[in-house]
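Working notes, beginning with the structure itself.
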Amino acid sequence: MSDRKESNFISAVVYVHNQEKELPAFLHKINGILAGNFEHYEIICVNDFSRDKSVEAVTAFARNLEGASVSILHMSYYQGVELSMNAGMDLAIGDFVFEFDRVTCGFPDNLMMEIYKTCLSGYDIVSAAPVRAERWSSRLFYRVYNQVAGRKTMLRTETFRILSRRAINRVHSMCQSIPYRKAVYANCGLETCTRTYEPEGGREQLPREVREARRDMAFNSLILFTNLGYRVSSALAGLMMLLAVFIGVYTVVIFASARPVEGWTTTMLFLSLAFFGVFAIFSMIIKYLSILTDLVFTKQRYMITGVEKIK
């Protein structure tokens, strides 16, 4: 801890969903770091419609807390980590904001201050990431995403990050609804940095709804933020064209050789492959349209029941 505390106001936005067992240790850990290094700070817990005693755990933590502001933002129904964190970020008033997408104590105590000081050195967004992602599905997703996205900033599994107020304002000016924050952050045009660390403790256990929501978000982000759909559609279209050319040449050769055309099996096989390719392309287009329609016309930014000011 520093002898002289930082004067910048700090907000910590924490995503909470059915993690009553992990919350007490996690909140005490980040509060101890913030209290020891900053004069003024707030902790905002975004309760994404938890059905266990997560809210009671936050309340019990804040009951005897001195010198800090603690709030619980209650989502109206389960809306997933992205919309919930968007709501928490809108409520945060800090000069710098820590984003905790997950409740875990598996990072070193000095890491929060390291990424804060890195942010002060000229970066607007600094992330803390484990050296290696625990789940093979996460490694596969980021490998595919980074290959097809073709951008300078490579995404990876992150535990938490800090954003300057300038970065928050820039992201809000870019889009009203943020479907995948990491992709938007990587394309906001500001300086970003990632600090890696060796995880401590066992593998993190995420609630089932969170795992399913993150799988859906991964697929949607591949469609929205990369050209994977275009590549797949183009490849299928090219394959169908090659098959069409082959069948055309084959038909001409058969006609020129005056051999009988048996044709039925070949024709049906070609039609089956052609229809498969066409419908595959249509499914890509439909997915694009459904996501865009959801974002532009029907999807609320988020819905909250209220904000509970504990301290």
Y197, Y78, ranked by accessible area, largest first (probe 1.4 Å): Y78, Y197
Net charge contributed by nearby residues that have their C-beta within less than 9 Å of I115 (K/R +1, D/E -1): +2
Solvent-accessible area per residue, Å², over region 55-136 with all protein chains present [probe radius 1.4 Å]: 37 Å²
For region 89-209: relative contact order, % (alpha-carbon pairs under 8 angstrom, 6 or more apart): 41 percent
Percent carbon-and-sulfur accessible area, region 123-170, ignoring ligands, DNA and RNA, probe 1.4 Å: 50 percent
Two-site FRET efficiency, S121 against S7, from Cβ-Cβ distance with R₀ of 30 Å, rounded to 0.05: 0.95
Extension gain from E20 to L242, taking 0.36 nm per residue of separation minus the Cα-Cα distance: 74.2 nm
S173/Y288 FRET efficiency (R0 22 Å; Cβ-Cβ; nearest 0.05): 0.35
Length-normalised contact order of region 1-98 in % [C-alpha pairs under 8 Å, at least 6 apart]: 40 percent
Where I93, I72, I285 fall by accessible area, highest first, once all protein chains stay in place (1.4 Å): I93, I285, I72
Of K117/K309; K53/K182; K53/K117; K53/K309, those spanning more than 23 Å from alpha-carbon to alpha-carbon: K117/K309; K53/K182; K53/K117
Ranked by how many other beta carbons lie within 10 Å on average, peptides 128-140, 156-168, 180-192 from highest: 156-168, 180-192, 128-140
Heavy-atom surface of region 1-52, accessible at 1.4 Å and reported per residue (Å²): 42 Å²
Accessible area (Å², 1.4 Å probe, nearest 10) - S257: 60 Å²
Cβ-derived FRET efficiency at R0 30 Å, V232 paired with T266, nearest 0.05: 0.70
Portion, in percent, of the accessible area of region 32-104 that falls on carbon or sulfur, probe 1.4 Å: 53 percent
Length added when fully stretched, K53-E212, from 0.36 nm per residue minus Cα-Cα: 55.1 nm
Paramagnetic label zone (point 7 Å from Cα along Cα-to-C-beta, C105; backbone N under 16 Å) in region 187-202: 199-202
Length added when fully stretched, A35-R132, from 0.36 nm per residue minus Cα-Cα: 31.9 nm
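The values are calculated or read from the model by the stated rules, or taken from the named source; none is laboratory data. Only a predicted model underlies this, so the values are computations on that prediction, with no experimental measurement involved. Note that each Cβ is placed from the backbone with ideal geometry, even for glycine, and that neighbours are counted across all protein chains shown. When the accessible area is computed, the model is the full protein with side chains, heavy atoms only, and any ligands, DNA or RNA have been set aside. Shrake-Rupley method; radii C 1.70, N 1.55, O 1.52, S 1.80 Å.
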